[in-house]
Amino acid sequence: MKYKIATLGSHSALQILKGAHDEGFKTIVICEKGTERPYKSFGVADKIITVDSFADFFKVENELIEENAIIIPHGTFTSVVSLDKMERLKIAHYGNKKILKWEADRNMCMRWLTEAGVRIPRMFDNPKEIDRPVIVKFFGARGGEGYFFCTNADQFNEKIRNAPKVPYIIQEYIIGVPVYIHFFYSQLNNELEIMGFDKRYESNVDSIGRIAARDQIALNLQSSYTIVGNIPLVVRESFLPEIFEIGENVVKASQKLEPPGLYGPFCIESIITPDQKIYVFEISARIVAGTNPFIEGSPYTALKYNEPMSCGRRIARELKLAIQNGRLKEVLG
Amino acid sequence: MKYKIATLGSHSALQILKGAHDEGFKTIVICEKGTERPYKSFGVADKIITVDSFADFFKVENELIEENAIIIPHGTFTSVVSLDKMERLKIAHYGNKKILKWEADRNMCMRWLTEAGVRIPRMFDNPKEIDRPVIVKFFGARGGEGYFFCTNADQFNEKIRNAPKVPYIIQEYIIGVPVYIHFFYSQLNNELEIMGFDKRYESNVDSIGRIAARDQIALNLQSSYTIVGNIPLVVRESFLPEIFEIGENVVKASQKLEPPGLYGPFCIESIITPDQKIYVFEISARIVAGTNPFIEGSPYTALKYNEPMSCGRRIARELKLAIQNGRLKEVLG
Amino acid sequence: MKYKIATLGSHSALQILKGAHDEGFKTIVICEKGTERPYKSFGVADKIITVDSFADFFKVENELIEENAIIIPHGTFTSVVSLDKMERLKIAHYGNKKILKWEADRNMCMRWLTEAGVRIPRMFDNPKEIDRPVIVKFFGARGGEGYFFCTNADQFNEKIRNAPKVPYIIQEYIIGVPVYIHFFYSQLNNELEIMGFDKRYESNVDSIGRIAARDQIALNLQSSYTIVGNIPLVVRESFLPEIFEIGENVVKASQKLEPPGLYGPFCIESIITPDQKIYVFEISARIVAGTNPFIEGSPYTALKYNEPMSCGRRIARELKLAIQNGRLKEVLG
């Protein structure tokens, strides 16, 4: 094939590059100096381009264009290429670039979710109004670092002092289990697929429960939310009809808010409560690292496909089909 | 094949239908209106029959019989088709129908476990006797909703007020990790197989540990046990001999209590304590949703089979072998 | 092939034997009387040798040698064959026997980690010095039984009374999430591979978080760390370059401390903190049970290999390649 698939060496690059290979593409990975090893070791990259920092992406953009590379965005890409620069991107980009600002700006994200009519946590504009558990989240895909939990204005004021100096939201903390829902929406056949589910593995909240309550209190233990990994999950089958509906409503809302809307892989970040209500607290409008447990496909893709179908491979498949049918422009944006 | 495989569209239907396809059966799914989408999207059903409510199952029973359908029971089926109606079932039914009342009535289930000689938690007939942590569980497969934890009679009396008005048991709460053990017992060759292990993902108990103890107390947080999903697991290999023995004892006891006994897929719900004791607190006498992580087979089925062998596929394999050998009647009941 | 693969029937034997079959070896498992069933049921052993106790291993050593068996060590093997006896082992042994004393003696293990220059928890020689949370760990691979948590000398003195009477270390308890890193280092091509990641499932610490803090305190709940199973995991991709480096430094240090050093499968036991620091608290210098979720390979081996590649199969592959190239002696030791 004339085209190659390229991505930044981080986040879900191994999956993206492997999936591209499986569909017959040559691959290129752009690595920060000293981080090339995984891409060499796992044999997923036909070419490695080294930069001092991902911020130098634009210095190698022309080289990528000469290679006929299509860039696949992921969480590291969207946090590195600032939104204003995103519009200056000249390289072929898989997915609707304009949608990415809707995930980066948490207020816009909440507007999107409201437009989709899904159930969302309450948002607090003023810390003084905090009357229940809340989580304070900062803008951009930062891997959860700095997020904090509090239950009133005093706690908020104490904890915000040591927090990163970037915009944030104050979001009701819903008591229930986190479920990350992975979708793929095809721009070619307008079909929505469920690709799988995971839960994050966050430091320290996913291990403080291993310390007895009495000891936690003696230690004055506080919670933090740095993402360290992901654990595979399946959900109760009776939730699936509603989950399809949520995914569809999010896509439809995006088509209205930012035509041609969201397509390709995306993730709905949810909490499911004891009374079986699904709260959506975030959208990631591109592949998420929560699909990494499924490099050989998930239990859900195994139902639909006769071969291992990761989210990364599904992207490459979509690009291949688009190229074969002369519709490539429809999936670049 | 003359026969088709049918099931209700919920619980573990995707796995059952996919498994049936893999073994060459045509499939039928009965869906409640508005819930058909997953079965269409994943392409596992050759025919979808829509009903207003699963309670209308008997209205479509004749249609299923005309299709030569064999119905595969699962947790939704056993909670929808009440036990007295179960006996009036005319459609071919995989497994021993009569065994299902032994799982639905928790007292009978405890009698079964006692007969099997496995280690069980203490049961309390009278709330006044509660002298340790207990969990109060309601009858039927209700996905854990309404279950509650308490440590004395006062807490019990307070919490029982808001509970569902159905029969319940008061069961000692064993401190240890939950392990759900998936078995398959073949009526054709009298062999017991271990199909895999999972842990449930319950709201809110599987996330309250993410809230620091001090905050939990400030919020007066209470535990609840609604099943939201399942997480795959393997167990320490040295437990396997004892686990085989438990499974075998449960099958043998069932053959005595309700001939021809339990066969097909079943689940032993257990807690394993720090001193490596296995407590059994429940049996599910049919496929459970805890096998859904293993639609492509589990690490254990991968040892025994040269192809992906889910529990759903194992059922279809058994039916195929029974049909091929003129022994179908032996696995219907 | 002339050679057979043998191991003790426990720990990760199913995986080792299955992997040996996949690579064309005949297999032998040595079982304690009454524990043969899993090895029969899963069909992984061509021959089962029964002993009264694993301590009788030396009574069957000659029989194994006559069969041209190569023994694969795992956690049960290293805890059964005491270190002084290990040196008297006459049977062909995969891996560097001498390295095993470095994992069994926790002080030597810490020296090894220090030599490797990796980040380690603080060690306390004297209980009186305990000024932060610590975990007290006993020598040998004992499945975590008896380990305890404390935060000061008084708690230590109280808990040490009921502890096993064997040597122990007092190790700083790092607050963060546990991540078990599985490596394979090939002595044939000097390549280091990442085989996957898991988290342990420990009784009771992995379930006490399911009990509300208030109830935990009422029950005076204490933590314990008995390993019951394992849960598959992937880690944030940006950690992989550092993880490769840690693995490489551990191998290099071993080559200096105990030539020819560590090779074959090994595990780095780590905690990753909220500020993304990786603390290494242990090395297992042979296959660990944490690779058992990956009998069909992990998401990471799926990247590198075109077939399911468990750690057990990787061992057999290495032996096959060594035999084919007349280099068997290099991987026995």
Margin query: What's the number of the only condition in (1) without any contact (Cβ under 8 Å) to a residue 24 or more places away in the chain; (2) hydrophobic (A, V, I, L, M, F, W, C); (3) touching a strand residue (DSSP E or B) at 6+ places or on another chain (Cβ under 9 Å) that B:Ala213 fails to meet?
Written below: (3)
Item checked: Enumeration of residues in segment C:256-278 that are at positive phi and either within 13 Å of chain B (Cβ to nearest Cβ) or assigned to a strand (DSSP E or B) (or both) -> C:Gly264
Checklist line | Selection within segment A:222-255 - facing another protein chain (nearest Cβ under 7 Å), within 19 Å of the chain's Cα centre (by Cα) and small (Gly, Ala, Ser) | finding: A:Gly229
Notebook entry, point to check: Can you spot a residue in segment C:202-211 that is more than 27 Å from B:Phe149 (Cα to Cα), among the acidic types (Asp, Glu) and in the same structural domain as C:Ile278 (by TED's automatic domain parsing)?
Noted result: no
Check: If C:Glu248 satisfies every condition in (1) more than 30 Å from B:Ile135 (Cβ to Cβ); (2) surrounded by 24 or more Cβ atoms within 10 Å (Cβ to Cβ) but one, which is the exception?
Finding: (2)
Checklist line | Only listed residue being in the same structural domain as B:Cys109 (by TED's automatic domain parsing), outside any helix (DSSP H, G or I) and at pLDDT below 95, chosen from B:Leu188, B:Leu221, B:Leu233 | finding: B:Leu221
Notebook entry, point to check: What number of residues within segment A:191-210 are more than 7 Å from every other protein chain (Cβ to nearest Cβ) and assigned to a loop (DSSP other than H, G, I, E, B)?
Noted result: 1
Notebook entry, point to check: Out of segment B:79-115, which residues are of a type in the set (A, V, I, L, M) and farther than 21 Å from B:Thr7 by Cβ?
Noted result: B:Met108, B:Met110, B:Leu113
Note to self: Checking C:Gly312 against (1) more than 21 Å from A:Asn230 (Cβ to Cβ); (2) within 10 Å of another protein chain (Cβ to nearest Cβ): exactly one of these is not met. Which one?
What the structure shows: (2)
Check: What number goes with the only condition from (1) closer than 25 Å to C:Lys277 by Cα; (2) of a type outside the set (Ser, Thr, Tyr); (3) assigned to a helix (DSSP H, G or I) that A:Ala163 does not pass?
Finding: (3)
Margin query: What's the number of the only condition in (1) polar (S, T, N, Q); (2) surrounded by fewer than 19 Cβ atoms within 10 Å (Cβ to Cβ); (3) within 28 Å of A:Arg214 (Cα to Cα) that C:Ser203 fails to meet?
Written below: (2)
Item checked: Test: residue in segment A:5-20 that is surrounded by fewer than 22 Cβ atoms within 10 Å (Cβ to Cβ), more than 10 Å from every other protein chain (Cβ to nearest Cβ) and either more than 22 Å from the chain's Cα centre (by Cα) or in a strand (DSSP E or B) (or both) -> no
Notebook entry, point to check: Out of all the residues in segment B:23-60, which are in a helix (DSSP H, G or I), crowded, with 17+ Cβ neighbours inside 10 Å and either under 23 Å from the mean Cα position of the chain (by Cα) or touching a residue at least 60 places away in the same chain (Cβ under 8 Å) (or both)?
Noted result: B:Pro38, B:Tyr39, B:Phe54, B:Phe57
Check: Looking at C:Ile211, C:Ile243, C:Ile181, which is the one that is in contact with a Cys (Cβ under 7 Å, 6 or more places away or on another chain) and surrounded by 19 or more Cβ atoms within 10 Å (Cβ to Cβ)?
Finding: C:Ile181
Checklist line | Residues of segment B:66-100 that turn out to be basic (Lys, Arg) and in a loop (DSSP other than H, G, I, E, B), as a count | finding: 2
Next item on the list: Just need a number here: residues in segment C:139-148 that are at pLDDT 90 or above and either surrounded by fewer than 21 Cβ atoms within 10 Å (Cβ to Cβ) or part of a loop (DSSP other than H, G, I, E, B) (or both).
Entry: 1
Next item on the list: Would you check if B:Phe294 is under 15 Å from the mean Cα position of the chain (by Cα), more than 30 Å from C:Gly146 (Cβ to Cβ), hydrophobic (A, V, I, L, M, F, W, C) and within 14 Å of chain C (Cβ to nearest Cβ)?
Entry: yes
Note to self: So A:Glu103 ticks every box in (1) over 28 Å from A:Glu296 (Cα atoms); (2) not in a loop (DSSP other than H, G, I, E, B) but one. Which box is left unticked?
What the structure shows: (1)
Margin query: Criterion first (under 25 Å from A:Pro133 (Cα atoms), hydrophobic (A, V, I, L, M, F, W, C) and touching an Asp or Glu at 6+ places or on another chain (Cβ under 6 Å)) does A:Ile272 satisfy it?
Written below: no
Note to self: Residue under question is A:Ala218, and the condition is that it be within 14 Å of chain C (Cβ to nearest Cβ), of a type outside the set (Lys, Arg) and in contact with a helix residue (DSSP H, G or I) (Cβ under 7 Å, 6 or more places away or on another chain); does it hold?
What the structure shows: no
Next item on the list: Evaluate the following for A:Phe281: is it in contact (Cβ under 8 Å) with a residue 24 or more places away in the chain, surrounded by 18 or more Cβ atoms within 10 Å (Cβ to Cβ) and part of a helix (DSSP H, G or I)?
Entry: no
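The values are calculated or read from the model by the stated rules, or taken from the named source; none is laboratory data. These numbers come from a predicted model, not from an experiment. Every residue, glycine among them, receives a Cβ derived from its backbone with ideal geometry; neighbour counts consider all protein chains shown.
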